[in-house]
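Chemist: Got a structure here, written out as structure tokens. Questions coming.
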Amino acid sequence: MPAVAIIATVLNEVEEIALLVPSLLAQNPPADEVIIVDGGSTDGTWEWLCQAARGHPNLRPLRDETCNLKRCPGPISRGRNMAISAATSGLIACVDAGCTYAPDWMARITAPLADGTSSYALGGSCLDPDRPTLWDLASAPFLGVKLDPTERSKSCTARSMAFTKELWHDVGGFPESVFFGEDTLFDLNARSKSRTVFVDGAKALYHPRNTFRSASRQLAMYAISDGLLGVRRSRLIRNAARCLLGVLALLCLPWTSVALLVVLALQAWLAFSPDWPLLQKAGVRVILARFAFSCAVPWIVTVGHLRGRFTSANPSNRQNQ
């Protein structure tokens with residue numbers, strides 16, 4: 001198998017790094033390099049990485065405080081680009097803090113690259129089945145996350161992504177001018193240069209531990225990023241139309257309730273159609289939370305996208321406050 005480097009960038013992730021790195025070091029076969037770029041952590045993340053590297057020669061922690069929102073508009077991209085530049089391997093597997101990975105993940109996600117099928121592969125992400133919160137389950141499909149590890153995914157998330165170093169060079173790397181949406185832009189550029197392969201069984205196991213507030217904020221940040229980048233306009237149109245229909249249905253209530261019932265039926269279909277069999281098993285509280293979050297989605301997306309469209313400022317991040 002060709003040499004593979006697994007890369008990630010972190011900042012103040014001391015709780016997550018102790019889950020992420022062991023899962024990367026347990027890959028079978030092992031990665032030739034596991035390169036983690038720290039953007040200047042102050043919570044013990046960097047010290048944890050240095051200690052772990054003493055017992056694992058393929059773990060290479062790097063520290064660069066310019067990979068921080070205070071110093072760079074696109075710190076995640078800068079960290080990834082730095083890790084890839086430092087890699088001697090020809091194949092790159094991209095991961096993210098907040099996730100863990102099955103022992104065969106690397107072999108699966110890089111298989112299309114190793115056999116020459118493609119130079120770009122995506123695996124998607126699913127909720128870690130052992131750790132979901134109520135609002136993880138409620139918000140998952142609206143954040144591009146699956147509930148079932150076996151469900152097919154076409155997500156472009158960098159939580160589970162692999163590409164050749166040559167392709168990375170050809171597309172100009174990850175864009176360092178943006179904070180959120182950097183994987184979306186990289187994906188668009190990569191698809192223009194290579195056929196995309198969606199790999200079954202190569203999902204990142206994601207454990208966001210969301211509340212309603214944090215899930216809403218994450219969705220809003222994605223929408224703001226879309227507005228900033230000028231992408232996914234069709235998503236804005238769909239969600240703005242849902243907002244308009246809801247307002248019109250309420251205005252019609254003095255004369256008829258039919259319009260509101262139709263809107264509620266549409267909301268229910270959009271909320272439950274992605275994964276109803278699994279949702280049923282999760283219980284009534286999750287079903288109600290999913291419906292509530294689905295009703296909030298069009299407003300969050302529309303307002304966020306328009307905010308991004310008419311501002312030039314990247315949204316801030318809690319790690320860089």
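Chemist: Please identify every one of the trypsin sites (Lys or Arg not before Pro) in segment 6-86 that sits in a loop by DSSP and has no more than 15 other beta carbons within 10 Å of its own beta carbon.
Modeler: Values: sites: Arg54, Arg63, Lys70, Arg71, Arg78, Arg80; in loops: Arg54, Lys70, Arg71.
Passing sites in segment 6-86 are Arg54, Lys70, Arg71.
Chemist: To make sure I understand the rule: partners must be lysines, Cα under 25 Å from the Cα of Lys154, and not fewer than 8 residues away in the same chain. Which ones qualify?
Modeler: Cα-Cα hits under 25 Å: Lys146, Lys165, Lys193, Lys203, Lys281.
Chemist: Just the C-alpha atoms of segment 1-50: what Rg/Rh do they give, with Rh taken as the Kirkwood radius? Before the final figure, lay out the partial values.
Modeler: Working: Rg = 11.5 Å, Rh = 11.4 Å.
That ratio equals 1.01.
Chemist: To continue, here is another question. Run the dipole for the chain about the Cα centre, Lys and Arg Cβ at +1, Asp and Glu Cβ at -1, nothing else charged, and hand back the magnitude in debye, nearest 20.
Modeler: On the way: 32 positive and 27 negative charges, 232 e Å.
Around 1120 debye, computed over the chain.
Chemist: Quick one: Debye curve from the alpha-carbon atoms of the chain only, equal weights, vacuum; give me log10 I(q)/I(0) at q = 0.07, 0.08 Å⁻¹ to two decimals.
Modeler: -0.29, -0.38
Chemist: With a 10 Å radius around each residue's Cβ, average the other Cβ atoms per peptide and rank 211-218, 92-99, 6-13, highest first. Don't jump to the answer; show the numbers that get you there.
Modeler: On the way: 211-218: 16.4, 92-99: 24.2, 6-13: 26.4.
Answer by packing, highest mean first, reads 6-13, 92-99, 211-218.
Chemist: Also, quick follow-up: Which value, in debye to the nearest 20, describes the size of the charge dipole of segment 212-320 about its Cα centre when Lys and Arg Cβ atoms bear +1, Asp and Glu Cβ atoms bear -1, and nothing else is charged? Working shown, then result.
Modeler: Numbers: 13 positive and 2 negative charges, 53 e Å.
Once rounded to the nearest 20, the dipole reads 260 debye.
Chemist: I've got another one for you. Arrange the following residues from fewest to most other Cβ atoms within 10 Å of their Cβ: Asp200, Asp183. Present the calculation step by step, with values, prior to reporting the outcome.
Modeler: Numbers: Asp200 13, Asp183 23.
Final ranking by Cβ density, sparse to dense: Asp200, Asp183.
Chemist: Looking at segment 129-175 from every direction and averaging, what is the projected area of its Cα convex hull in nm²? Spell out each step's value before the answer.
Modeler: On the way: hull surface 18.9 nm².
Over every viewing direction, the Cα hull of segment 129-175 projects on average to 4.7 nm².
Chemist: What are the membrane-span-like helices in the chain by this rule: whole DSSP H runs, Cα extent along the axis at least 18 Å, mean Kyte-Doolittle hydropathy at least 1.0? Walk me through the intermediate numbers first.
Modeler: Values: long enough: 212-229 (26 Å, 0.33); 233-251 (27 Å, 0.88); 258-272 (21 Å, 2.48); 284-309 (38 Å, 0.97).
Result, helices passing both filters: 258-272.
Chemist: Something else about it: Where the Cα atoms of segment 212-320 are projected onto their three principal axes, how long is each span, largest first, in whole Å?
Modeler: 44, 37, 21
Coordinate-derived values only; no laboratory data. Please read these numbers as outputs of a predicted model, since none were measured by experiment. Backbone-built Cβ (ideal geometry, glycine too); neighbour counts: all protein chains shown.
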